[in-house]
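To keep things clear, I will list the structure first and then write my remarks on it.
Values quoted throughout were computed directly from the atomic coordinates according to the rules given, and no laboratory measurement underlies them. Predicted model, so just to flag it, every value in this text is computed and none were measured. Every residue, glycine among them, receives a Cβ derived from its backbone with ideal geometry; neighbour counts consider all protein chains shown.
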Amino acid sequence: MRHPLLTLAALCALLAPPTLHAPHALAATPAAQATAPAAKAARVIVMYKSGGALMRALSAHPASPRYPQLAATLSQRTGIALTDGHPISERSQVVFAKGLSSAGLAARLAADPDVEFAEPDQRRHIRSIPNDPLYPGNQISATPTVGQWYLRPPNSVNVSAINAETAWTTTTGTSSVVVAVLDTGVRFDHPDLVGKLYTGYDFISDTVTANDGNGRDADASDPGDWVTQAEVDSDPTFKDCDVGDSSWHGTQVAGLVGAATNNGIGMASVGRNVMILPVRVLGKCGGFDSDIIAGMLWAGGLSSNPVANSHPAKVLNLSLGSAGSCTASYTNAISQLTAAGVTVVISAGNAEGLAVDTPANCSGVIAVAGVRHIGTKVGFSSLGPEVALSAPAGNCINLSGACLNPLLTTTNTGTTVPATNTYSDSFRLSLGTSFSAPLVAGTAGLMLSVKPALTPAQVKSTLQSTARAFPTSGAGATIPVCQAPSSTTQDECYCTTSTCGAGLLDTAAAVAAVAPPLAPTAPLSASTANPSVGVPVSLEASDATVAAGRSGTYLWTLATSGGATASFTSAVNGSTATLLPTAPGTVTVTLTVTDDLGVQTAASTMLTISNPPTAVIVPSSATVVAGDSVSLDGSTSSAVGGRSIAQYAWTISSGASFGSFLGATNASTAALQGTAAGTVVVTLTVTDSAGVQSTANSTITVTAAPVSSGGGGGGGGALGLPWLIALAAAVVAVRVNRRRLRD
Ligand SMILES: [Ca+2]
Ligand SMILES: [Ca+2]
Ligand SMILES: [Ca+2]
């Protein structure tokens, strides 16, 4: 069997067309994978079947390229305008299309029987971890070498890590959520706290304790809280106090809650974008309940004494306390705060396994105990039934030299007055339940960022229900199980739910548990925004999503204006639909995606329908003598709707042996030369600027060139007898030949 020489594309086009693809079920995809709607370029990887017609045709073709570039062929098989992207292997390549999504294009190409698979060519990214240099592990020029191990996903080594990193894919916190840090004040000039601190207030009444030269004042900055032996010896206020350097405790707590994150400097914080309200209640040798409670009520927006609080907090963090029973004053203040929707987070205390401190033992608060990196109770942490849950508190492992697992945070180098702002590390340590509580407070800030209506009870119950189980092994056989608090201290022990709370803080799980139900997305695209009457429009929404675990349905509807008429020629409840425009005007197509909880999202696109262009051929003559030419004028072809004719293509539909074109076949005019007597049908295909085509035909009769009679002058006149005889003989010869061939 022989064929005229065809282009490879045309050859492949002769092969079986693909079957229509069925609409596919709405896929449940995580929000993070939802793709942008409509009007983007589709980009798809196609793998062709090794024994399929496409590969066979490609390899059989003499000019077969080693790597496939089959966009033209696929365009003809699918009716979608495709362009070739780079080849990937001998059977795969990238193809591009405009006006539909990558998922939609992949679905259509995958339906081709000669395609093994087709899938969106997706962009990949490095993991979204903050760029703060102290965050990652394997620190070379800083300590601890494990960086901020406690914020990362847990693993077999860092069992108690809180997985803030995963929570940040849902939320990085919002600045409308304020976490108050009731503490020693803060260093406002720490570069990793700049922009994260409201002004706050200083509630310390006693001037000697305050160490700032006065009583209560509007400056919550921390002047230092060092205590000297001389002060203990001489000043009755400090009679039972510990001698020590300034702690910068409030700065450390504030950094864990909400240090500026992803700012390229220093550390990352749990709460990232939440704001911090510093409320100074602790000075030299601590502070009094009266100032702490006044500060709590003010921080939560329940008091305007001495000034109104313009940034009331949704969460209070108190990394403070001492032994005793919850007092009436705390009970009263905490019940007011929780009733007003303020969540109160308090450190359990560092009483080495003795009972939980006050005010952490007050009802209605979230008391936080401390665990080692491997998830056991860290020696210094208090414990007991009042504990809500546990979080990393920092631990060293090494008895000398570098501390291996402290909690790195913002601090200052000053031993008395402030000096240089810096970070705690393996030698300047942050260890204690003081630093467990802010991890919970920051997590509460993230939870309230995604669901502001959460009550304090809901915050607490969610933190508890999403906490991970305590490990029961891994610390060695000599480590005992934690016992109810008594008068005997308890060092490291395996936590139980009656001693260390519900489990290990899991920030990611807590945030996920309160994240609002995601609305579906309904990205839709149309094969063209400017369709023509009678030309079907492909509508596509394969990238539509519903929240994880949901299912959804599609509904396509339309509204017309300006005289337009159109109707769907497909089902209207699939991920794709086909619209047939029947009169010019405007059509608005709407896709509504409804999930199984009834949450809906609708999206629309507007189509402007025009009539198709008109192709016209005006021949200079309907007949031409063989050897002569006739000119064909297509320049009166026209387009409507503001379009123009963008392309002309002249072809011969039949009678190719009787005539051929002289010169170009892609201009508005063409010339046909007759070659032998017969009838030639010429076709003009015009394409308008929106890509819509029309054709016109013109029939040209070619008459035989005259021959000279006798031996006389050449040309013209009737055919002479000898010529007719010769012609008849030739015809007979051809017939004979044919007959012979058939025999
Ligand atoms: Ca003061
Ligand atoms: Ca002050
Ligand atoms: Ca930072």
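What number, rounded to the nearest 500 deg cm²/dmol, is the helix-based mean residue ellipticity at 222 nm of the chain, given -39500 (n - 2.57) per DSSP H run of at least four residues and division by all its residues? Theoretical 222 nm ellipticity from helices: -5000 deg cm²/dmol. Remark: the S335-S465 segment gains 44.5 nm on full extension, using 0.36 nm per residue and subtracting the alpha carbon distance.
The T565 and S644 beta-carbon pair, evaluated with R₀ = 30 Å, returns a calculated FRET efficiency of approximately 0.75. Do you know the relative contact order of the chain, to the nearest whole percent, from alpha carbon pairs under 8 angstrom that are 6+ apart? Averaging sequence separation for qualifying contacts and normalising by length gives 10 percent for the chain.
Putting +1 on Lys and Arg Cβ atoms and -1 on Asp and Glu Cβ atoms, find which of F568, T207, L134 reaches farthest to the positive end of the dipole of the chain. My answer, from the dipole projection, is F568. The mean sequence separation of alpha-carbon pairs under 8 Å and at least six residues apart, normalised by the residue count of region 525-609, gives a relative contact order of 34 percent. Here A656 and Y67 are evaluated by their C-beta separation; at R0 = 35 Å the FRET efficiency comes out at 0.55.
Of the residues S430, S610, the one with the fewest other Cβ atoms within 10 Å heads the list, and the complete ranking is S610, S430.
Placing unit charges on the Cβ atoms of the charged side chains and taking the dipole of the chain about its Cα centre, the candidate lying farthest along the positive direction among G364, S335, V94 is V94.
In sequence order, region 361-373 has phi-based couplings of 8, 7, 6, x, 9, 9, 8, 10, 8, x, 10, 6, 4 Hz under the Karplus curve 6.51 cos²θ - 1.76 cosθ + 1.60, θ = phi - 60°, and Gly or Pro positions carry x.
Contour minus end-to-end for T592 and V681, with contour as 0.36 nm per residue of separation and end-to-end as the Cα-Cα distance? Could you put the intermediate results ahead of the total?
Details: separation 89, 0.36 × 89 = 32.04 nm, distance 4.92 nm.
Using 0.36 nm per residue and subtracting the Cα-Cα distance, I get 27.1 nm.
Note on the chain: with charges restricted to the Cβ of Lys and Arg (+1) and Asp and Glu (-1), its dipole about the Cα centre is near 4220 debye. Between the listed residues N666, G264, N421, the Cα displaced farthest toward the positive end of the dipole of the chain, a dipole computed from Cβ unit charges relative to the Cα centre, is found at N666. Taking other C-beta atoms within 10 angstrom as a stand-in for reagent exposure, S246, S567, S629 fall in the order S567, S629, S246, fewest first. Here the chain carries DSSP beta bridges of which approximately 75% are antiparallel, counting only pairs with both residues inside.
With the cut-off at 28 Å, tell me which of the pairs K284/K460; K196/K239; K377/K460; K196/K451; K196/K460 have Cα atoms farther apart than that. From K284/K460; K196/K239; K377/K460; K196/K451; K196/K460, over 28 Å: K284/K460; K196/K239. Remark: W248, W226 ranked as W226, W248, counting other beta-carbon atoms within 10 Å and listing the fewest first.
Could the peptides 51-58, 657-664 be put in order, highest first, of the mean number of other beta-carbon atoms found within 10 Å of their residues?
51-58, 657-664
Of the chymotrypsin sites (Phe, Trp or Tyr not before Pro) found in region 530-624, no site is in coil according to DSSP while having at most 10 other Cβ atoms within 10 Å of its Cβ.
When each of the peptides 131-138, 305-312, 72-79 is scored by the mean number of other C-beta atoms lying within 10 Å of its residues, the order from highest to lowest reads 72-79, 131-138, 305-312. Once the Cβ-Cβ distance of V481 and H86 is raised to the sixth power relative to R0 = 45 Å, the FRET efficiency obtained is 0.15. Placing a pseudo-label 7 Å from each Cα along the Cα-to-Cβ vector at H311 and D245 gives an inter-label distance of 2.9 nm.
Compared with the direct C-alpha span, the chain from S400 to A529 gains 39.2 nm at full extension, assuming 0.36 nm per residue.
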